[in-house]
Structure formats: structure tokens, C-alpha cells
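The values are calculated or read from the model by the stated rules, or taken from the named source; none is laboratory data. Keep in mind that what you see is a predicted model, and the values were worked out from it rather than measured. Cβ coordinates were reconstructed from backbone atoms using ideal geometry, including for glycine residues, and neighbour counts include every protein chain displayed. Areas reflect the complete protein model, heavy atoms only, side chains present, ligands, DNA and RNA absent. Shrake-Rupley method; radii C 1.70, N 1.55, O 1.52, S 1.80 Å.
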Amino acid sequence: MAIAFEFQVKKNYHFITAFAKHFDTIVKDDKVYLPEWLGAGHIQQIYLDGMAMFIHNYKLKEELILKRQPSATNESVTIKFDRSNYLSKYSQQDHDPFSDRLPNFDVEMATCNFYAELKIPANKQINFLIIGTSRRYLIELLKSEKPYTVLDLVQTHPSFVRHSTITPEMDHMLKQIIQVNSTTDLPMLLFKIKAYELIYHLFKGLFKRSIKVPVDIKREDAEKIYLVRIALLRDLKSCPKLPELVELSGLGLTKLKKLFGQIFGQSIHSYYQTLRMMEAGSLLNHLSVSETGYALGFTNLSHFTRLFEKHHQIKPKHFKDRLIRESGA
């Protein structure tokens, strides 16, 4: 049976203290350690100028669900950089989580006036980082004269959600943050620098997205768009037809396409192909190039090769060779 922890982002709320009290465990320095019956590892909370950083680094014995209740205002913003393999969406629906089919590297930015639920599985190493900040602070960091950028959303829209993938640069920074320990020189300065770098690389990509006049997004609409994402993940051999996704989401076709593109930065079909290519990179660890292509529903391996190279900037055969070299096989 899953273990749940419920909380709400508000002024002077201290997450790790509340977590420790709920689970009757200890806080030492800036870390709360999981009780032995729940797992091994810790959650670290670090205060920086204008931001708070939460580092989750543990392995659970029991499934844990973090339930964030909607905040009273829309001023707070969270940015989650996830190196784990679990489902994160706004309201938990009665669907198979497909946890083994989700892409490993996700970034999610949203206002805290949404109900959010993170379902974290047992027996897997969990590594993710959350930066909590305010609209005001982000606006100061992101000053831009370009019209209709992501900054316009931060400034004017009462609720927003943005989803991206972790770049190799972000992944390297996350590894550096996770590896900080008592022997690290100037850890607070390092945390601050890396937090700024993560935000820089995230928004560098988000600013490149083509945004016309943004649409206000409601919590219910965000939940429906995440259901569409789950449907795309269900079978990477065959993309669902648009009429099926319209029926599933309960949204009109125009609104579905606009909101999906606004949250994920790609059309539904392009995002589906991105998911396939991310899965292809994973499958090449233990399958040949042709086996990988066929496993993902490609009947034309030349087409698979072109798509893979477009996404990874390297041919699948060379990608496979690199994996072999790096494994020492």
C-alpha cells in the first residue's frame, strides 16, 4: 500500500521539518533522513537568494505519494528537474502509470495553485531536484524585450505549466549537485551557481519556443493534457489518432493542439516521435539497431535512422558503438 505525504506551499512553510514530523524521523543540518522502514536516503532543503532547492536522493521500500495541495495564491512557482523514472502529473487518474516507459529526463515548471501528485515507486534509485521560487524573482532573472515569450506567461498568466527535457548540460549539473557532500569546498556557493545554471539552460530552450498569444490554462485542462501524454506513451509502435485523443481529453481539437504545444513545446506528432527516439536510445543498450527500429514499429530502417540522427545528432549505429565503448564491453 502506498504511503502518502500531503503538504501545501505557503509562507514560512518548511518542507523537511514537516516531513520529519509526519514520519517521526530526524533532521540533521539541512537534510531529513528517511526512516528505515520507508527506505534509505534523504531529502535536502537549501535556501538560496530568492529560491529554495530540494534535493531528493533515496531508494524507497514502499511506494511514496507526495500530494501538494493548491496554494492560496499563484505567486509561487516550482521547477522540477527529474533524473528518475516515475510518473508525475497533476491529479492521479485510474491509469496504469507505465513507469518503465516514461522518458528518464524531464523538466516541469508550474505555478503552485495546481493540485500536484508525485507517485514515486519503491525499489528504484530516485534522483530529482525541485527549485521553488516566486514569479517576481523569475521576472527579474528573465528580463526580455521579445514579445510573447515564456516570460510573458510568468508575468501575466494566473496559472501555467511548462514541460521540457533535460539537456546534457542540465544532467551534468544535476550530477554535480547530487554529489555535493561534507568534503565539498564552498558547497553553498556551488549550489547557488548550479541553480542559476539550471534555470539558464531551461529558459534558454523555452525562449526559443514559438509562442503566439498564450492561452490561460486551468488545472482541469492540464490534467487532460497529461492524459494525452500517457496515451502517447502507452504504445510507442503506433501513435493514437487525433480523434481518439480528442475523445480521451474531452477537449476540442483546436484547444487540444494549442494547449499541448504550449505545455510541451511541440506538436502532438513531433512529441510522440521525440518519445520514440528517447526510447530508442535506451533500447540500444541491449538491442541491435534493427531490433530497436522494429521494436518501435518502424518497418523502414532508413526512416528510423534519419529520425534518430535528427534527434540525437548521431547515427544509431555510431550511438550503439559509443555505448559499447563506454560500457567496456
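Residues considered: Ala20, Ala195, Ala116. Largest GNM mean-square fluctuation over the chain, using C-alpha springs under 10 Å, is found at Ala20. Give me the Debye-computed log₁₀ of I(q)/I(0) at q = 0.09, 0.10, 0.11, 0.14 Å⁻¹ for the chain, equal point scatterers on Cα only, no solvent, two decimals. Here the Debye-derived log intensity ratios amount to -0.50, -0.63, -0.77, -1.26.
For the chain, complete DSSP H runs whose alpha carbons reach 27 Å or more along their own long axis and whose mean Kyte-Doolittle score is 0.0 or higher are 187-206.
The accessible-area ordering, largest first, of the residues Ser327, Ser288 stands as Ser327, Ser288, per a 1.4 angstrom probe. The accessible area of Met188, taken with all protein chains in place and a 1.4 Å probe, comes to roughly 90 Å².
Length available on full extension from Glu291 to Lys241: 0.36 nm per residue minus the Cα-Cα distance, which gives 15.5 nm. Rolling a 1.4 Å probe over the protein heavy atoms of the chain, with every protein chain left in place, gives an accessible area that is 52 percent carbon and sulfur. Approximating the spin labels as points 7 Å out from Cα along Cα→Cβ, the Ser270-to-Lys218 distance works out to 2.8 nm. Accessible surface ranking for His318, His303, His56, 1.4 angstrom probe, highest first: His318, His303, His56.
Accessible surface calculations at 1.4 Å, restricted to protein heavy atoms, place the range 178-329 at 55 Å² per residue. Calculated mean residue ellipticity, 222 nm, the chain: -12500 deg cm²/dmol, from DSSP H runs (n ≥ 4) at -39500 (n - 2.57) each, averaged per residue and rounded to 500.
Label-to-label distance, Asp185 versus Thr17, with points set 7 angstrom from Cα along the beta-carbon direction: 3.4 nm.
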